[in-house]
1. Just checking, which of Leu254, Leu292, Leu202 is over 29 Å from Ile60 (Cα atoms), part of a helix (DSSP H, G or I) and at pLDDT 85 or above?
2. Write out, first by first residue and then by second, each pair whose Cβ atoms fall under 8 Å of each other, whose residues are 6+ apart or on separate chains, and whose first residue, in the range 305-327, is under 14 Å from Val32 (Cβ atoms) while the second is open to solvent by 80 Å² or more (accessible area, probe 1.4 Å).
3. Kindly evaluate Met75 against the criterion of being open to solvent by 40 Å² or more (accessible area, probe 1.4 Å), under 19 Å from Gly297 (Cβ atoms), of a type in the set (A, V, I, L, M) and modelled with pLDDT of 90 or more.
4. Among the residues that make up the range 223-237, is at least one of them under 29 Å from Val81 (Cα atoms), touching a residue at least 24 places away in the same chain (Cβ under 8 Å), part of a helix (DSSP H, G or I) and open to solvent by less than 30 Å² (accessible area, probe 1.4 Å)?
5. For Ser274, work out the one condition from (1) assigned to a helix (DSSP H, G or I); (2) closer than 28 Å to Gly193 by Cα; (3) free of Cβ contacts under 8 Å to residues at least 12 places away in the same chain; (4) among the hydroxyl-bearing types (Ser, Thr, Tyr) it doesn't fulfil.
6. Looking at this structure, is Ala248 more than 29 Å from Ile139 (Cα to Cα), of a type in the set (A, V, I, L, M, F, W, C) and part of a helix (DSSP H, G or I)?
7. I want to confirm something. Restricting to the range 121-152 and keeping residues that are among the polar types (S, T, N, Q) and in contact with an Asp or Glu (Cβ under 8 Å, 6 or more places away or on another chain), which single residue is surrounded by the fewest Cβ atoms within 10 Å (Cβ to Cβ)?
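The values are calculated or read from the model by the stated rules, or taken from the named source; none is laboratory data. None of the values given here were measured: they were computed from a predicted structure. Neighbour counts run over all protein chains shown; Cβ positions are idealised from the backbone, glycine included. These accessible areas exclude ligands, DNA and RNA; they are computed on the full protein's heavy atoms, side chains included. Shrake-Rupley method; radii C 1.70, N 1.55, O 1.52, S 1.80 Å.
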Amino acid sequence: MSTKDLSSSVSPSSSRPSVTAKLINGGVAGLVGVTCVFPIDLAKTRLQNQHGKDIYKGMIDCLMKTARADGFLGMYRGAAVNLTLVTPEKAIKLAANDFFRQLLMEDGMQRNLKMEMLAGCGAGICQVVVTCPMEMLKIQLQDAGRLAHRQGSASAPAPSSSRSYSTGSASTHKRPSATLIAWELLRTQGLAGLYKGLGATLLRDIPFSIIYFPLFANLNNLGFNESTGKASFAHSFVSGCVAGSVAAVTVTPLDVLKTRIQTLRKGLGEDSYSGITDCARKLWIQEGPSALMKGAGCRALVIAPLFGIAQGVYFIGIGERILKCFE
């Protein structure tokens, strides 16, 4: 998602916000958004990774079992990674989006949906430098509870393919941390270990941008008010939620493949994958085509509030207000 495009449609001021203000807005929106929707994102990851419905019957069941087993904070496993990296992720995306807008359009201001779409795609490609390792680490932490619950139910030790950061049975294995996982990957596989699933991440994020940008622009344009020169906050808020949800659900199959590929530690009887094609083939044969839509509802419930929160942050102009305090 390009938060710059959001700011240009709902910013309360008539002038374009500065780069610093946009970075603050993006960072605040990311921090607030992650805090609000992370438990649903955790449920999405666990639902996408489980084979069939052997542990969780759905999102509510997953959240209830997680809270019962690990407490309220258990639903935020992996949130620290996102909260730490969400600001640099937004910074890269915003800077890249500005660069591509200036490169593709004369002054970077006029409305051109095709060019905005291309600029957003370029920003998404650049952003993957942070997104891929961030999600790689987050997924390991989010899925740890599912594996512990599965192994505890089966009274089986962890499979030999488990990494050293999570050896032992469900009752005795040490709870993984992002630092320990990152260090182990760098030690054993080098930098490439943190970028496992890079291709799948790109295949998910690029189509998302292609769908989101023109859809949001067209929906938002329906509420354009000539007297104010922009759509109302409520209309932009709804447009962002709808466009984000549609794009998120549409690319869910690619998100499922990315999650499966980036999950390093497998439960007993769960497959490992050599790549995107191998993952898609095994998923289709063993679990059926419906498995490619696992977590679609969760993704919609995650993305819609994120876009709405971003709209709110830009409408209020938090970044601009903070900068004014230092003038």
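1. Numbers: Leu254 fails: over 29 Å from Ile60 (Cα atoms); Leu292 fails: over 29 Å from Ile60 (Cα atoms).
When all the criteria are applied, what remains is Leu202.
2. The qualifying pairs are Pro305/Cys36; Ile309/Cys36.
3. no
4. There is no residue in the range 223-237 that is under 29 Å from Val81 (Cα atoms), touching a residue at least 24 places away in the same chain (Cβ under 8 Å), part of a helix (DSSP H, G or I) and open to solvent by less than 30 Å² (accessible area, probe 1.4 Å).
5. It is condition (1) that Ser274 fails.
6. Working: more than 29 Å from Ile139 (Cα to Cα): no; of a type in the set (A, V, I, L, M, F, W, C): yes; part of a helix (DSSP H, G or I): yes.
Spelling it out, it is not the case that Ala248 is more than 29 Å from Ile139 (Cα to Cα), of a type in the set (A, V, I, L, M, F, W, C) and part of a helix (DSSP H, G or I).
7. Going through the range 121-152, the residues among the polar types (S, T, N, Q) turn out to be 127, 131, 140, 142, 151.
Okay, now just the ones that are also in contact with an Asp or Glu (Cβ under 8 Å, 6 or more places away or on another chain), so 127, 131, 142.
Numbers: Gln127: 26, Thr131: 21, Gln142: 27.
The selected residue is Thr131.
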